[in-house]
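Notes for the one structure printed next.
Read-outs throughout are calculated quantities, based only on the coordinates presented, and are distinct from any laboratory measurement. Note that the structure is predicted; figures quoted are calculated from it, not measured. Here the Cβ positions follow ideal geometry from the backbone for every residue, glycine too, while neighbour counts run over all protein chains shown.
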Amino acid sequence: MILGVDTGGTFTDFVLLRSVNNEEDVQLRAHKVLSTPHAPEEAILQGIREMGLEDAVDKGDLIIVHGSTVATNAALEGKGATTAFITNTGFRDLLTIGRQTRPELYRLETPPIPPPVPRELCFETAGRLDSQGRELEKVDTEILDSVVRLVADQKPQAIAITLLFSFLDNTHEKEVAAYLEEHLDYSPFISSSHEVLPEYREYERGIATWLNASLGPLVSSYLLSLKRSVSKCRLSIMQSTGGTISADQAAMKSVNLLLSGPAGGLAAADYLARLTGNQKLMTFDMGGTSTDVALMDGAITLTSEGYIGNYPVAVPMVDMHTIGAGGGSIASLDAGGLLQVGPKSAGASPGPACYGKGGNKATVTDANLVLGRLIQSEFLGGGMILDLDAASAAIQPLAKTLGLSIEEAATGIIQVANEHMARALRVISVARGHDPQDFRLCCFGGAGGLHICALADAMGMKKAMVPVHGGVLSAMGMFLAPVQRQLSLTHQAPLVAIKDESIDAMFIRLEQKGLQAIEKEGFSVAECHTERSLDLRYTGQSSSLNVPFNARQQAVDDFHALHEQRYGHRLESPVELVNVRVGVKENKAPPTLARLDQGAGSLSPSKEKTVHGINEAVALIHRNELLAGDSFDGPALILETNATTWIEPGWTVDCDEFGNLMLTKAME
């Protein structure tokens with residue numbers, strides 16, 4: 001048995017995979033519990049108890065694959081460990097100066113942003129390489145002694161070491177780290193840039209190393225606590241790339257876990273895209289706190305230009321855009337009296353007002369309940385009874401100020417939230433040269449199904465999909481994802497000037513490192529395959545594009561085509577290599593979902609529910625009663641344990657053989 005666990009801001013989701021009589025087909029069982037942000041492992045253990053899996057845990061008969069938000073939340077909330085920063089002489093202010101990028105171009109006065117590391121915790125040491133990796137200055141032990149004394153006085157919990165050009169030669173960084181470990185009278189968490197991100201650009205490499213160091217003590221402590229509780233089970237952690245890593249190795253690479261949970265949803269969406277033959281998907285994962293949107297054109301896209309808060313994260317991660325719009329997003333009025341939704345969220349505690357846990361702020365979930373799009377007695381399969389009176393009372397002050405009825409104010413909350421999400425979908429599609437109508441919109445997360453028709457309409461899309469187990473799809477993606485490593489190495493030179501054997505040698509070096517890491521987890525390297533790619537740019541450019549590598553000329557042609565698609569033109573300038581990248585992953589045969597029995601086809605469900613703004617009665621349909629080939633028209637509410645789907649008038653639903661709901665907009 002394999003248990004996928006996704007810890008979100010409001011709910012912790014579980015999906016259990018169990019083979020049926022040792023056949024290829026598998027059964028999936030889903031479950032949800034409220035998250036416990038103060039100690040995330042408590043919600044996980046509670047879910048294990050409620051699912052009756054304690055004996056399996058005690059016997060070690062369960063494999064657990066976990067997507068964690070511990071690193072993400074700590075980074076966003078500035079709750080990482082106290083961290084010292086050690087760099088070359090003269091570069092003490094490297095992280096403070098940054099790139100001088102203005103977040104708002106026309107704002108004359110930008111509010112100051114606290115530096116990642118206070119100046120009193122930034123230290124300089126000798127040891128210098130030039131841009132070719134040649135040693136200009138040796139590491140000086142006398143200077144290191146003074147650094148040790150300064151660090152010992154401050155007693156930071158972690159230390160980040162970033163020296164110039166360490167991606168060309170890591171000897172100096174290793175010497176500094178070893179000296180600190182030997183001479184400090186305590187054991188801080190030490191992170192060196194050549195282990196975190198061996199790429200050029202000092203600031204981005206320094207930020208990645210600082211994040212890894214500051215999050216390391218927290219993540220390792222959390223994973224150690226969780227591992228103790230399930231000590232006989234194999235515990236793997238989802239990385240930001242959509243692949244898994246052992247808990248032991250994850251504790252040392254916390255910066256690679258920043259999109260741990262959302263990456264699970266994309267892993268499952270990628271699996272379902274292949275299963276259903278829908279290779280072009282735009283996804284939105286709407287949970288309780290945030291919404292993550294992504295575009296998939298045949299495969300999951302990775303980027304090394306992501307952000308967490310104000311900081312660039314140059315380690316590979318799924319290419320995703322995140323906004324603060326979820327079911328728990330709080331509605332309020334700004335100084336001008338305009339309705340705003342998010343980014344603040346009611347979270348799991350106290351949660352939306354309708355949860356009855358003390359919340360009194362109007363949220364998106366409260367608005368959906370007031371409009372009749374959620375059923376009080378059907379939430380979490382009846383496991384939680386929603387409080388309509390509390391939801392109405394939370395919205396009433398906003399409605400009174402706006403001069404609207406409670407239902408009209410609730411409609412406004414939904415419309416504002418939808419526009420936030422539609423804007424995010426445009427960022428990853430239209431803004432990058434993609435026509436949304438070429439894609440199918442795929443929703444997941446507990447709140448996604450309530451908004452999918454409205455978002456598809458806003459984007460002009462005629463096709464959508466509500467996946468099987470969509471309410472817990474990120475948890476499902478945990479056990480679908482392969483064991484994986486993403487490695488990179490900077491090598492800047494005109495591509496024509498690099499010999500084929502030199503490029504091949506760099507690839508082999510990275511592949512061997514990745515295979516060794518996977519072998520440490522107990523997997524056979526014979527069952528792994530590698531993917532090679534290059535970061536290329538035109539000479540004189542500062543940014544690059546990543547293209548697959550099979551042959552040199554093909555990579556150049558692919559770069560020209562991608563540049564033209566992304567920016568609208570191509571140049572005659574020489575092409576330059578920036579980084580060599582390798583993905584090493586387990587050849588994992590995905591499970592085959594059990595197929596549904598064949599249904600009767602067109603359905604005429606009885607209309608029995610009133611939804612605000614809809615002039616006709618709305619059908620209530622239990623999703624577990626649908627069969628393959630069943631088809632019906634909206635308006636309808638589709639109920640299941642972990643989510644509710646709102647089908648608006650003008651949309652038709654077809655249930656496929658695996659239980660996915662395929663939505664089609666009627667031609668107008």
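Nothing charged except the Cβ atoms of Lys and Arg (+1) and of Asp and Glu (-1): what's the magnitude of the dipole of the chain about its Cα centre? Round to the nearest 20 debye.
Details: 55 positive and 80 negative charges, 103 e Å.
It works out to roughly 500 debye.
For residue 502 and residue 152, the FRET efficiency from 1/(1 + (r/R0)^6), where r spans their Cβ atoms and R0 equals 45 Å, is about 0.55. Restricting attention to the chain, close to 70% of DSSP beta bridges with both partner residues there are antiparallel.
Whole-Hz Karplus values for the stretch 538-552 come out as 6, 4, x, 7, 9, 9, 10, 10, 9, 10, x, 10, 10, 9, 4 Hz, taken residue by residue from phi with 6.51 cos²θ - 1.76 cosθ + 1.60 and θ = phi - 60°; glycine and proline positions read x.
Between residue 50 and residue 97, the simple label model (points 7 Å from Cα in the Cβ direction) yields a spacing of 5.3 nm. Of the beta bridges in the stretch 77-219, as assigned by DSSP with both residues counted there, near 15 percent are antiparallel.
Think of each Lys and Arg Cβ as +1 and each Asp and Glu Cβ as -1; about the Cα centre, that makes the dipole of the stretch 208-323 roughly 540 debye.
Each peptide in 357-369, 75-87, 154-166, 174-186 gets a packing score, the mean of other Cβ atoms within 10 Å over its residues, and the list from highest to lowest is 357-369, 154-166, 75-87, 174-186. Once the Cβ-Cβ distance of residue 124 and residue 76 is raised to the sixth power relative to R0 = 30 Å, the FRET efficiency obtained is 0.50. Here the stretch 441-485 and the stretch 155-228 have alpha carbon centers that stand 36 Å from each other.
By the helix-only formula, in which each DSSP H run with n ≥ 4 contributes -39500 (n - 2.57) and the sum is divided by residues, the chain has a 222 nm mean residue ellipticity of -9500 deg cm²/dmol.
Here, the stretch 77-219 has an Rg and a Dmax of 15.2, 50 Å when only alpha carbons are counted. Axis angle, to the nearest 10 degrees, between helix 388-402 and the longest C-alpha principal axis of the chain: 80 degrees.
Averaging 1/r over each pair of different alpha-carbon atoms in the stretch 351-458 and inverting the result gives 15.0 Å, the Kirkwood hydrodynamic radius.
Scalar couplings 3J(HN,Hα) for the stretch 185-201, obtained by applying the Karplus form with A = 6.51, B = -1.76, C = 1.60 to θ = phi - 60°, are 8, 8, 10, x, 7, 10, 10, 10, 5, 5, 8, 8, 8, x, 10, 6, 6 Hz; x denotes Gly and Pro. Between 0 and 90 degrees, rounded to the nearest ten: what's the tilt of helix 500-520 against the longest Cα principal axis of the chain? Taking Cα atoms only, the helix is inclined about 60 degrees.
Computing Rg and the Kirkwood Rh from the Cα coordinates of the stretch 30-113 gives a ratio, Rg/Rh, of 1.22. Here each label is just a point 7 Å from Cα along the line to Cβ, and for residue 305 and residue 110 those points are 1.8 nm apart. Holding the Cα-Cα limit at 31 Å, pick out from 585/665; 280/607; 232/361; 79/174; 232/253; 79/361 the pairs that are longer than that. Distance filter (> 31 Å) returns 585/665; 280/607; 232/361.
For the chain, the longest principal axis of the Cα atoms and the long axis of helix 40-50 meet at an angle of about 40 degrees.
Let me spell out the model: positive unit charges on the Cβ of Lys and Arg, negative unit charges on the Cβ of Asp and Glu, origin at the Cα centre of the stretch 557-646. What dipole size does that give, in debye rounded to 20?
240
Packing order of peptides 546-552, 284-290, 135-141, 482-488, highest average first: 284-290, 482-488, 546-552, 135-141 (average count of other Cβ atoms within 10 Å over each peptide's residues).
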